Every structure is written in C-alpha cells, then in structure tokens.
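Student: Structure in structure tokens, see below.
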Amino acid sequence: MKDAVHQTFYLADYQPPAYLIEDVTLTFRLSPRATRVLSRIHFVPNPDTSDRTFFLHGEQLTLISAKIDGHEITPTLTDTGLTAEAPDAPFTWEAEVEISPETNTALEGLYMSNGMYCTQCEAEGFRKITYYPDRPDVMAPFSVRIEGEQPILLSNGNPTASGKGWAEWHDPWPKPAYLFALVAGDLRATTGSFTTRSGRDVTLNLWVRPGDEDKTAFGLQALIDSMKWDEDVYGREYDLDLFNIVAVSDFNMGAMENKGLNIFNSSAVLASPETATDANFERIEGIIAHEYFHNWTGNRITCRDWFQLCLKEGLTVFRDQQFTSDMRSASVKRISDVLMLRARQFREDAGPLAHPVRPEQFQEINNFYTATIYEKGAEVIGMLKRLVGDRDYYRALDVYFQRHDGHACTIEDWLQVFEDTTGRDLSQFKRWYSQAGTPLLHVEDSFEDGTYTLTFRQETRPTPGQPDKAPLVIPIAVGLLSPDGTEVVPTTLCEMSAATQSFTFDGLTEKPIPSILREFSAPVILTRQASNAERAFLLAHDTDPFNKWEAGRALAKDVLIHMITDGNAPDSAYLDALKAMVSDESLDPAFRALAIALPSQDDIAQTLHASGVVPDPMAIHNASKTLRQATAEHLADILPDLYAANQVHEAYQPNADQSGKRALAGAALSLIARLDGGKQAQAQYDAADNMTQQLSALSALLLADAGTDALAAFEAQWKDDRLVMDKWFSLQVMMAKPDDVADVVTRLTARPDFDMRNPNRFRAVIGALGGHLAGFHHPSGKGYELMADWLIKLDALNPQTTARMSSAFDTWKRFDEDRQQMIRAQLERIMARETLSRDTSEMVGRILA
Ligand code: 0A1
Ligand code: ZN
C-alpha cells in the first residue's frame, strides 16, 4: 500500500521549535537551471524548550556548502532536510544551495512561468528554496538580494538598494517562511497610491507582462477599496510604504498573500470589460480583498502550525465576504456563498474526504486547503459573531489584534479572546472546530392557546474517524409570518445547544408560518419538509431575502425530484410562482436571476442520495432539461419584455446594478434560445461589446445547437488571449451532451494549445469534465477513464493540482454498483502507480477508504 510509506503528522504531536531566528539574509543568483541561494541566518536557542535538535527542512536541494559560526560543517542529509550539531547558544548559519526553477513544474518553491521567476511558498514550499525551519511558528525579518538580468526584481517589504542586475529588499516585519516571495521578470506596473488614515503614503503597483496593462485598473481600485474598508470596519492599517501585486500565468491556486508582494493567478486579477465577465470582476474584487486582509489576519497574526489553518483562512474568508456584501448586495452575496458552501463544503462533509475545520492529522497539508477549512471556517466565525452580537465581535477583534500581533496562534488563543471579552463559555461552541460533518436539523411545530412552539432536534452522522457526535451550539434565526403575509415576529435568535430543544413564541392569534434559519444562520441541513403551498407563500411573502430565495429553491428541487422519482410532469404551481417572482419588478434583478436558476445536477444527486435514492445522472440531466424547456414555454409571453427591460444602455461597468441586469437578461436569453433556435442569442453575440454578453450568448447558442459559427468566431477573435481561451475550452465541455463529453474532451486535449502544465488550462477542460454530472458518470465509464488518465499524467508534473482534482471522484459511493465498480477500478489504477505523489496518494487513499 502506497499510503503506508508516507508519514502522517498529528496536531497532538506539536513541539515548539528548538531554535528561533533573529534575522535572515538571502542572496539569489538567478539562473534557469542552476540558481544559487545563499543564506545567512542568526539562530538563538528557544528559551521555551530544552530540545536542542538542530533540524532544517530542505527538499530537492543540492547543498554546496554549510557553515556554523564560519566553520565548514558536514550535516546529515535526508530526503526531507538536514541535521547538524549546533551550539546551545546563539550562532550564525550560512549555506549555499543550488536549485532548478526551470524544471520545477510543481509550481511550488521557486519556479518559472513564461520566462519569469516567481515563488509559491505556502504551505511548505520554502524548503525547496533553501534549508530552513519551514514552519509558521518561526518568524523572522528578511533581507534579500536578487542578482539577475531581468528588468524587475522584487521581494517582500521595502526596496533598500538596486543597481544594474541586482536589487536589495528588506522586510522589517517578522514573518514565517511561507510568506516569503521573489519575482523577477520583464514586467510593467500600473501604479496607484493610498494614504492610510494615520498618514502613511503607500505606493501600490500591479505588475503584469507587457500587453496586459489594459487589464489592471479594476484590480488596483479593488485594492484601494479593500485598504479603506479594513480601516473603516476593522481599524486595520497597512504597515509598509509599498504594496506589490504580480500577475502570474501558471499558478496552482487563486492567489497568495506574501508580505507586501501578493502573487496572483492572472485569472484572479486581470480584467477588462472585453475579456472578463461580471462574475470574473466580482471574484477578482473578492480575492484582492482576501489577500489584502491577510496582511492582518494571517501575516501580522499567523498560525502556530498548519492544523490551525482555519485561524487565518476562515477569518479572512469571513472578512472578504463582509467586504463584498458592503460593496455589492448583501442578500445576493449571502445566497451565492450558501450555494457555494452547499455545492463544495456540504459535498465534502458528506463523503470520504470529510474532516474537521481544524483537522487533527494530515500527510500532505496542501490537501487541506479545502472548502471545509475556508468556507465552513468562515461560517463558524459568522455564527460566533451572531451569538455574541456585532459590538462584542468587534471588541473581541480589537483585543485579538492587540494581544496577538506578531504571534503565531491557535484556535484556543482565538476563542480565549472571545471568552475574555464577552464572559461567554465557548467550550461547547469549540466543537464546530473539531467535529466534522454537516448537522441535520429536524423541526416540529405546534400551536396552542396563542403559543407557537418550535422543537428542534440536531443530528450529525458519522464521518471518517468520528463515529460519535456531540450536540453543537446552533444559532437559529427565526421569523414568524401570519397567514395574511404580515410578519408577526421579526427575526429572533434561538440559541440551540441541546440535542433536542424547544423555543416558544407567545401572544399569537393564529398559527403562524415559520421562516427558519434566516440568512442561513448556521451551516446545517434543515430537513423540514414544508408543503409546496407553504413554500410558495414564503417565496411571495418572506421578508428575509435568503429564505425567500430558499423557498423558491426548495420548490424547484421538490419538483425536479418528483419528476425523477415519480415521472411527474413539470409542476405548474411551481411555474406560476416562478413567473410571478420573475415579473416582480420590486425585486432586485440579481435576486431574480438567482431564483430563476435551477439547482445544480450535483445538488440533486446529493439530495437524492441523502434520502436513500441512488441517483441516476442521466435521469437528473433529462429532468433538468425538461423542466428548463417547460419553464421557457410557460414564461414565453414574458421573456421578450424581461430580456428587453434588463438591457443596460449606459457604458459597461462591472458594478452590482449593471451585472444584476445582465445576469437576468442572460437567464432570459438562455430560455429564449430554447424557443427560437438561437436567433436572439446570435443577435446578442454579434452585437456584444463585453465578455459577459458575448459568453452568455455563446452558451445560449450552444444550448440551441446553433453554436458552431460563434465558436469559430470566438476562437479567431481570442486565440492569443489565454484567459479568454480558457473560457472557450471549458464552455464546450460544460455544454456538451452527455454522450459527447468524452469525445469533446479528447478533441480539446489533442490541440496544441492544450498545455497541461498550465493549471488554468488543465482545469478548464478536465475540471469541466468532473463538473459535468451526466458526462463524467456516463454509463460507458469513459468519463472515469479519461479523468484517471489525465490525473496520472499530471501527477508526474504537478502533484498539488492533481490531488485537488482527484476529488471529482469523492461522491462515488452515491452511485449504483456498476458505476462504483468502474470508479474503484480507476482509483485503484491511480493508486497502483509506482511513483504516485504523496499529495495524490493521500487523496485517492482517503477516497477509496
Ligand atoms: N493562502 C492563500 C491560498 C494558497 C494556499 C496554498 C497555496 O499553495 C499550496 C497557494 C495559495 C489564500 O488563502 O489566498
Ligand atoms: Zn486565504
């Protein structure tokens, strides 16, 4: 068994570092295959431990020389690092190593992307640059000298000196190695400035390769907005004179918060109206904010060890969600976040990859940058804020920043701050960090003598390694409506902590209609089966926008499920309710666009599985298609007006107002395409001057089987723009008929511009394959085989992205015997590879277990 050869790390085994670092000086002599890295590090014994083992992490390094206090030494080298005899007193370590950035296809450590040098050190990439205690609780100020012929040479902090072929940088803020960054290349900056509220003038640069300068304005503005927001809302100011952002084409994740030198996947920062969609703009704004906010939640206060990852990620996601709510529409943002949470995190929590928000073991930490750590981690913060109230939340955060600035912290430190500031006992609440799985929340209600009672029962099913679950603290926001549609009890918080608990509401004249879990106040699954009449009532009358949307969604889901399980025809009551909602001009277009969308096919599969039905992907696909066609026909008379009324006549702006209209018009267009064979879509395609409309027209044309010409035109127009072509690649897979998906993927991956070394391109095609429920789970098994073929190929180059993408298989136990057997065979084929990476071996091993 492969998994036996990889070491497992445990939270319980934490030991403080034997030595701390006073300062670090690094010199880089750049060369594609033989970069030399010289390090000079002042170590001091850690007074908090008597351990004096001197161990430095190091992987794939060629050691040229090592010295302690000026004396050449011969350390003991292993695959993971080195050990040496070191004094029980302060000493100086000097080393020289050689590395090969050009052949580094894993995109971790120092690597090359399009002729440019860049780094990715989180989580454990610094050990591929030099020997170092590569753990987040060792923090130090860094001085860096870069020698290279590239015109732009960047590192963290402030520039201190430069000349032809070299530059020096100093970062005064102690930081762990995972926040180190270096960039060298032919880059152009778009420059801006920001004055902090205490008067520091900060220069802001967004660096791109020549030719991309027209795609930087939006990102720069998003950065300025984020800096201002963090001052206004959290009282956090920026702490250097310079803030650099660099766009890189080859990047495994979205972006990285390196101190003073954020590095971004170009897809997460570059945008112009012609090349980026409204959704891209919103995502970019959120990611820029996220990375910027890490300067305080992550960098100034970092994690003691990687088990505490949610300390920085959950909080920073929560903060970027707040920012987007403030910049755009709070209710639309909440709905989108919950859609994402359910699609990714609930899926994770319900399968073999389920793990707590603070995991207790791992083999490869890169496998834990998950929806659970990020999104559920943010939900936990949201619940805490709701429980203690806004005032106490911000008071606690002030204490957190003050008490822990410059420290590497734990979840215990975080909760202690809340206990100290609010006097609350959070020991039960803490279970949200240690217990995996999504709680089911069952509800019963009764009405007697003017008193309405809601009785909740919570239940969390076993997850891998956790057979028994304890009750959690669940904040349940509830409102009550009278049958005439008025709200009789405004939003009230029911704080549930027992396994079963009742809450009463007095003084009512008649039995109310409950609106439960308003704003989605906890990441749980509400199992209550309301009648469709009640859902239609809430869709029409609920004052809570989230629950209003939720009622419509529950209706749609119910209709689809009955079409699949009972062969029902599309329900006309649902179609009537949808029509009324869509035509209600008092509702925000963005909200209506969300409400008109069907639940995803994966969501339906998940729901069927949870209710004990084996999902048939083809049946789900067909039912969705039938319901869409019926919707188009039922709404036929209002669609032209809806489309016309939501055209934007002003110049394109990626703001909430305009993008809401384009989203609703786009939804109308895709329904219209089912009725007119794509005529309207072709007209929009021909007239489009922005990517949002060009892409929504193209996808409507593909829906109507009328996209051949537009696909060719799109390719001719955008063949030289990588990011736009990623959309072209993925759309063809997403829109393919289930029987054709494998052929489409095979055709696309045979093209010379399918470069599997580029994670964006790989995800555009292979990620879309995994996301096409009926195509991936095609009864022929071709989807599984293709996925496994590509994962095996990519693993040899880029383990991190391979491992992430192997989660396409994590729902395999939902499906029938035949499919399970076919998937198992593919997973075992992957597992049997002689040279499988630790990353992929851990993931596939967990999925198979
Ligand atoms: N900390 C970054 C995301 C990130 C995580 C891991 C990476 O490599 C393993 C790269 C980036 C963030 O939260 O944005
Ligand atoms: Zn983050």
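Just so it is clear, none of the values below were taken in a lab; they were calculated from the coordinates. All values reported here derive from a predicted model rather than from experimental measurement. Cβ sites come from the backbone with ideal geometry, for glycine too, and all protein chains shown count toward neighbours.
Student: So how far apart, in nm, are the two label points at residue 565 and residue 650 if each is 7 Å from Cα heading toward Cβ?
Tutor: 4.8
Student: Here's another thing I want to ask about it. Specify which residue in the list 836, 564, 286 is farthest towards the positive end of the charge dipole of the chain, using unit charges on the beta carbon of Lys, Arg (+1) and Asp, Glu (-1), about the Cα centre.
Tutor: Among 836, 564, 286, the one farthest towards the positive end of the dipole of the chain is 836.
Student: Using the Cα centre as the reference, give the magnitude of the dipole from point charges on the C-beta atoms of the chain (Lys, Arg: +1; Asp, Glu: -1; all else neutral), rounded to the nearest 20 debye.
Tutor: On the way: 80 positive and 120 negative charges, 190 e Å.
Magnitude of the dipole: close to 920 debye.
Student: Find the relative contact order for the chain and round it to a whole percent, using C-alpha pairs within less than 8 Å whose residues are 6+ positions apart.
Tutor: 9
Student: Next up: List the trypsin sites (Lys or Arg not before Pro) in the stretch 6-80 that DSSP assigns to loop (not H, G, I, E or B) and whose Cβ has at most 12 other Cβ atoms within 10 Å. Which are they? Please list the in-between numbers first.
Tutor: Details: sites: 29, 33, 36, 40, 52, 67; in loops: 33, 52.
The qualifying sites are 33.
Student: Order the peptides 383-391, 245-253 from the highest to the lowest mean number of other Cβ atoms within 10 Å of their residues. Before the final figure, lay out each step's value.
Tutor: On the way: 383-391: 16.4, 245-253: 23.1.
Averaged packing, sorted descending, gives the order 245-253, 383-391.
Student: In percent, what relative contact order does the stretch 352-494 have, based on Cα pairs under 8 Å that are 6 or more apart in sequence? Write down the numbers at each step before the final one.
Tutor: On the way: 146 pairs, mean separation 31.5, N = 143.
Normalised by residue count, the contact order of the stretch 352-494 is 22 percent.
Student: Could you give the spread of the C-alpha atoms of the stretch 710-829 along their three principal axes, from largest to smallest, in whole angstroms?
Tutor: 46, 31, 19
Student: Turning to a different aspect of this structure: Among all the lysines, which ones have a C-alpha under 23 Å from residue 128's C-alpha, if same-chain residues fewer than 8 places away are not counted?
Tutor: Counting by Cα, and skipping residues close in sequence, residue 128 has these lysines nearby: 67, 175, 259, 793.
Student: Run the numbers for residue 657 and residue 755: contour at 0.36 nm per residue of separation, minus the present Cα-Cα distance, in nm. If you can, show how the numbers build up before the last one.
Tutor: Working: separation 98, 0.36 × 98 = 35.28 nm, distance 3.72 nm.
Extending this stretch completely gives an extra 31.6 nm.
Student: Which of the pairs 215/557; 579/661; 376/813; 430/557 have their Cα atoms more than 28 Å apart in this structure?
Tutor: Pairs exceeding the cut-off: 215/557; 430/557.
Student: Could you work out the percent of alpha carbon pairs in the stretch 1-42 separated by over 13 Å, rounded to a whole number? Intermediate values should be presented prior to the final figure.
Tutor: Values: 637 of 861 pairs.
Above the 13 Å cut-off, the stretch 1-42 has 74 percent of its Cα pairs.
Student: Compute the Cα gyration tensor for the stretch 167-321, then decide on rounded, prolate or oblate, letting a ≥ b ≥ c be the square roots of its eigenvalues: rounded whenever a/c is under 1.5, prolate when a/b is larger than b/c in the other cases, and oblate in all that remain. Display every interim value, and only then the final one.
Tutor: Working: a/c = 1.32, a/b = 1.28, b/c = 1.03.
Note, shape of the stretch 167-321 comes out rounded.
Student: Give the cross-link partners of residue 333 among the aspartates and glutamates, using a straight C-alpha distance below 12 Å as the criterion and excluding same-chain residues fewer than 8 apart.
Tutor: Those aspartates and glutamates meeting the cut-off are 282, 320, 519.
Student: Using +1 on the beta carbon of Lys and Arg, -1 on that of Asp and Glu, and nothing else charged, what's the dipole of the stretch 744-795 about the Cα centre, debye to 20?
Tutor: With only Lys, Arg, Asp and Glu charged at Cβ, the dipole is about 120 debye.
Student: In the neighborhood of residue 231, defined by Cβ-to-Cβ distances under 15 Å, what is the net charge if each Lys or Arg adds +1 and each Asp or Glu adds -1? Please report the intermediate quantities before stating the final value.
Tutor: Details: positive: 197, 200, 228, 236, 300, 319; negative: 201, 225, 230, 232, 237, 239, 326, 398.
Every neighbour counted, the sum reads -2.
Student: Follow-up question, since we're still on this one. What net charge is computed for the residues neighbouring residue 393, neighbours being all others with C-beta under 12 Å from the C-beta of residue 393, Lys and Arg scored +1, Asp and Glu -1? Working shown, then result.
Tutor: Values: positive: 319, 385, 386, 391, 395, 424; negative: 390, 392, 398.
Taking every other residue near residue 393 into account, the sum is +3.
Student: Still on this structure, I have one more. Starting from the Cα of residue 531, move 7 Å in the Cα-to-Cβ direction to define the label point; list residues of the stretch 475-492 whose amide nitrogen is under 17 Å from there.
Tutor: Residues passing the 17 Å test: 481-485.
Student: Using a Förster distance of 25 Å, how high is the FRET efficiency between residue 427 and residue 499, based on the Cβ-Cβ distance and rounded to 0.05?
Tutor: For R0 = 25 Å, the calculated efficiency reads 0.90.
Student: Highest first, please rank the peptides 80-86, 6-12 by the mean number of other Cβ atoms sitting within 10 Å of their residues.
Tutor: Working: 80-86: 16.1, 6-12: 12.1.
Sorting 80-86, 6-12 by mean packing, highest first, produces 80-86, 6-12.
Student: If we restrict to alpha carbons, what Rg and Dmax does the stretch 663-743 come to, in Å?
Tutor: Every Cα atom of the stretch 663-743 included, Rg and Dmax give 12.1, 34 Å.
Student: With unit charges on the beta carbon (Lys/Arg positive, Asp/Glu negative), name the residue among 471, 516, 442 whose Cα is farthest towards the positive pole of the charge dipole of the stretch 434-525.
Tutor: Towards the positive end, the residue furthest out is 471.
Student: Please work out the Kirkwood hydrodynamic radius for the stretch 127-235, using every pair of different C-alpha atoms, and report it in angstroms with one decimal place.
Tutor: Details: mean 1/r = 0.0624 Å⁻¹.
By the Kirkwood definition, the hydrodynamic radius is 16.0 Å.
Student: How much space per residue, in cubic angstrom, does the convex hull of the C-alpha atoms of the stretch 1-87 take up? Please list the in-between numbers first.
Tutor: Details: hull volume 13.0 nm³, N = 87.
It comes to 150 Å³ per residue, whole-number rounded.
Student: So, with +1 on the Cβ of K and R and -1 on the Cβ of D and E, and no other charges, what is the size of the charge dipole of the stretch 414-485 about its Cα centre, to the nearest 20 debye?
Tutor: Numbers: 6 positive and 10 negative charges, 102 e Å.
Roughly 480 debye for the stretch 414-485.
Student: Let me ask another. Positive end of the dipole of the chain, charges at C-beta (+1 Lys, Arg; -1 Asp, Glu), about the Cα centre: which of 681, 596, 103 has its Cα farthest in that direction?
Tutor: Comparing the listed Cα positions along the dipole, 103 ranks first.
Student: Can I ask one more? Determine the principal axes of the Cα atoms in the stretch 231-306, then give the extent along each, sorted from largest to smallest and rounded to whole angstroms.
Tutor: Answer, in whole Å and largest first: 40, 29, 24 Å.
Student: Taking 0.36 nm per residue of separation and subtracting the Cα-Cα distance, what length does fully extending residue 197 through residue 579 add? Walk me through the intermediate numbers first.
Tutor: Numbers: separation 382, 0.36 × 382 = 137.52 nm, distance 4.93 nm.
Value of the extension gain: 132.6 nm.
Student: Summing +1 for each Lys or Arg and -1 for each Asp or Glu, what net charge is found among the other residues whose Cβ lies under 14 Å from the Cβ of residue 740?
Tutor: Numbers: positive: 737, 747, 782; negative: 705, 739, 743.
Value of the local net charge: 0.
Student: Averaging sequence separations of C-alpha pairs under 8 Å and six or more residues apart, then dividing by the length of the stretch 415-470, give the relative contact order as a whole percent.
Tutor: Working: 54 pairs, mean separation 15.2, N = 56.
With pairs under 8 Å counted, the relative contact order is 27 percent.
Student: What does the convex hull of the Cα atoms of the chain come to per residue, in Å³, rounded to a whole number?
Tutor: Numbers: hull volume 138.5 nm³, N = 849.
Here the figure is 163 Å³ per residue.
Student: Using only the C-alpha atoms of the stretch 1-146, find the volume of their convex hull and express it per residue in Å³.
Tutor: On the way: hull volume 18.6 nm³, N = 146.
Once divided by residue count, the hull of the stretch 1-146 is 127 Å³.
Student: Principal axes first, then extents: for the Cα atoms of the stretch 66-209, list largest minus smallest coordinate on each axis, whole Å, largest first.
Tutor: Per principal axis, max minus min of the Cα coordinates gives 49, 40, 30 Å.
Student: So between residue 361 and residue 686, what do we pick up on full extension, going 0.36 nm a residue minus the alpha carbon distance?
Tutor: Working: separation 325, 0.36 × 325 = 117.00 nm, distance 5.42 nm.
Length difference between fully extended and current span is 111.6 nm.
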